[in-house]
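All remarks here apply to the structure that follows.
The values are calculated or read from the model by the stated rules, or taken from the named source; none is laboratory data. This one's a predicted model, so the numbers in the text were calculated from it and none came from an experiment. Note that each Cβ is placed from the backbone with ideal geometry, even for glycine, and that neighbours are counted across all protein chains shown.
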Amino acid sequence: MISFFLPIRKNSLRIKNKNIVSLKKYKFGLTEIKINHLKKIRKILKKNKIFSEYIVSTDCDVVKKYLKDFSWIKIHNRPKELSGDDCLDDLIRIVPAVCSNKYILWTHVTSPLFNEFDYINFIFKFFSSKDKYDSAFSATALSTFILNKSGKWISHNSKLKKWPRTQDLDPLYCVNNAAFINLRSNYIKFNDRLSKKILPIKTRKGADLDIDSHEDLDYLKSLI
């Protein structure tokens, strides 16, 4: 019913070997943390009689060697042309060919605090709303004053009220990259991780950490 798709590429511009750099007790770092999450998710879904498959798309030999111990994970040998820094759209196009289930859940190793319980909450919130929505993403809700580069407020209408109470602002939803879910048929139709009827699913505070800098990695180390 659900295909979990996890891209793990070898190179990283900001942090060298970001996805596999050792983090204290985790020899394979972010990759090991995320595989531990998927292992627990698999057990929970199996108990609830929800069929799932797990695909890791990687060009990294270290990751491939590590994953040999997990027979339930399918390895997609990511070609060079899909392993660059600006090839996301091209990678998205091949996902329906490597995932076989009705729904595809795209996730990242760079969301180490988004654990198995967050995934299960995300999945069941989506399934309980799929009559209205056909795709969803993990969201960080922003209820604060936001100004764009043109000097215009996008958080509120300042002509009606200059400084409304923050609790009265309509929330804005920021993609935090922990999870996307969409119908496989929509991947084929729209070439996208999301389609037209999109549900933002709020992530619990702290679980939306996205490792994108050395500061993020240092913070994660302090938590470990």
Could you please find all residues in segment 119-177 being β-branched (V, I, T) and without any contact (Cβ under 8 Å) to a residue 40 or more places away in the chain? T144, I146, I154, T166, V175
When residues of segment 111-120 are limited to those that are part of a loop (DSSP other than H, G, I, E, B) and touching a helix residue (DSSP H, G or I) at 6+ places or on another chain (Cβ under 6 Å), the one nearest to D134 (Cα to Cα): N115
Quick one: which of F28, F51, F70 is over 18 Å from the mean Cα position of the chain (by Cα) and buried (at least 16 other Cβ atoms within 10 Å of the Cβ)? F28
Meets criteria (among the hydroxyl-bearing types (S, T, Y) and either closer than 24 Å to P200 by Cα or surrounded by 15 or more Cβ atoms within 10 Å (Cβ to Cβ) (or both)) for S100: no
Please enumerate the residues belonging to segment 121-140 that are surrounded by fewer than 21 Cβ atoms within 10 Å (Cβ to Cβ), assigned to a helix (DSSP H, G or I) and either among the β-branched types (V, I, T) or in contact with a strand residue (DSSP E or B) (Cβ under 7 Å, 6 or more places away or on another chain) (or both). K125
Checked pairs for segment 186-198, first more than 17 Å from D131 (Cβ to Cβ) and in a loop (DSSP other than H, G, I, E, B), second modelled with pLDDT of 95 or more and aromatic (F, W, Y), C-beta under 8 Å and 6 or more apart or across chains, list as R193/W106; R193/F137; R193/F180; R193/Y187; L194/F137; L194/F180
Selection count where residues are in a helix (DSSP H, G or I), of a type in the set (A, V, I, L, M) and touching a residue at least 24 places away in the same chain (Cβ under 8 Å), scope segment 89-107: 4
Taking segment 45-81 only, how many residues are in a loop (DSSP other than H, G, I, E, B) and in contact (Cβ under 8 Å) with a residue 24 or more places away in the chain? 7
